[in-house]
Amino acid sequence: MPDTRSCLFCQIARGEIPAKIVVNNKEMIAFRDINPQAPTHILIVPKKHIGSLDDLTDSDLVGRMMTLAAALARQEGIAKTGYRTVINTGKDGGQSVDHLHVHLLGGRHMTWPPG
Ligand code: 5GP
Ligand code: ZN
């Protein structure tokens, strides 16, 4: 069983660690990344602890996370210029917090391929 007490994003979802929250509903929380890589950098996080995409069983959940990311992009005024959504998974994927999240990045031109 994962230790949700010490999980950073579970702690943010419970309000135990402060964050710049942009959405807080029954299922999800979205907040600004502490180390932004673009003018807009928001993390979309399910409140339920799911370690990574590799642990996902509820496929509809990721659809709802992406739908929220798109809504936030419109709210941030970056939908027209474009943006990037990213899920890092595991060591090679560059995941550093073991709680599923989508990065929403925009407000500057993104390069490809990513590093
Ligand atoms: P990952 O590397 O797992 O895909 O993304 C984790 C993200 O969480 C990183 O972009 C990192 O900057 C962000 N992060 C780490 N600790 C904190 C924190 O305490 N507060 C916030 N708001 N973001 C954090
Ligand atoms: Zn967690």
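The values are calculated or read from the model by the stated rules, or taken from the named source; none is laboratory data. Keep in mind that this is a model prediction, so the values were computed, not measured. For the accessible areas, the whole protein counts, side chains as well, though only heavy atoms, and no ligand, DNA or RNA atoms are used. Shrake-Rupley method; radii C 1.70, N 1.55, O 1.52, S 1.80 Å.
Computed over protein heavy atoms with a 1.4 Å probe, the carbon and sulfur contribution to the accessible area of the chain reaches 53%.
In plain terms, the chain from Asn25 to Ala70 could stretch by 14.6 nm, reckoned as 0.36 nm per residue minus the Cα-Cα distance. The residues of the chain present an accessible area of 62 Å² per residue when probed at 1.4 Å with all protein chains retained.
Mean residue ellipticity at 222 nm from the helices of the chain, using -39,500 (n - 2.57) per DSSP H segment of n ≥ 4 over the full residue count, to the nearest 500 deg cm²/dmol?
Counting only the DSSP helices, I get -7000 deg cm²/dmol.
Here the extension length gained between Glu16 and Thr111 equals 30.6 nm, from 0.36 nm per residue of separation less the Cα-Cα distance.
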